[in-house]
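The values are calculated or read from the model by the stated rules, or taken from the named source; none is laboratory data. It should be emphasised that the depicted structure is a prediction, and the values quoted were computed from it without experimental measurement. Don't worry about glycine lacking a Cβ; one is built from the backbone with ideal geometry, like all the others, and counts go over all protein chains shown. Note: accessible area is taken over every heavy atom of the protein model, side chains too, but ligands, DNA and RNA are not part of it. Shrake-Rupley method; radii C 1.70, N 1.55, O 1.52, S 1.80 Å.
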Amino acid sequence: MQQIILSWLQADKFFKVLALFATFIVVYLSLMPPGQESNSWTFLFFKQDIVLHFSCYFLLTVVYFTALFKHNSAIKTSFSFSFFIGCLMELLQLIPFFERTFDLADIAANFTGSFCGILLIQILFGDSLKE
């Protein structure tokens, strides 16, 4: 099964387009004005916002890895890209125009999600990586 996935990852144009699309979605969701939060929820004592940040940057890191699979430093670059975008989106939320609020907990959730994405990649593809 791992060989099938590795051969599929060689089709990098698809994954590069997917990474670009995912980046645009993350930017849009991060900067759009907040809506009415009538149904707030929690997961294992974590509030909705933290769970969404973790999930988003976990998936974004995995998507970046698939797009950069053929590069020598795919793990480092995918982590750097996703964490940089997460920090940039939080810093842009300081601008009053976006009607959003900066939160260090969101940056911590972004980092944790990106880091867990890298851990998953190393567990699944540790022997196949070019690092």
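Structure summary
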item	result
Only listed residue being farther than 24 Å from residue 31 by Cα and in contact with a helix residue (DSSP H, G or I) (Cβ under 9 Å, 6 or more places away or on another chain), chosen from 104, 60, 68	68
Positions within the range 91-100 being in contact (Cβ under 8 Å) with a residue 60 or more places away in the chain and assigned to a helix (DSSP H, G or I), in sequence order	92, 98
Members of the range 50-80 that are among the small types (Gly, Ala, Ser), assigned to a helix (DSSP H, G or I) and open to solvent by 30 Å² or more (accessible area, probe 1.4 Å)	55, 80
Test: residue 83 is open to solvent by 90 Å² or more (accessible area, probe 1.4 Å) and under 14 Å from residue 56 (Cα atoms)	no
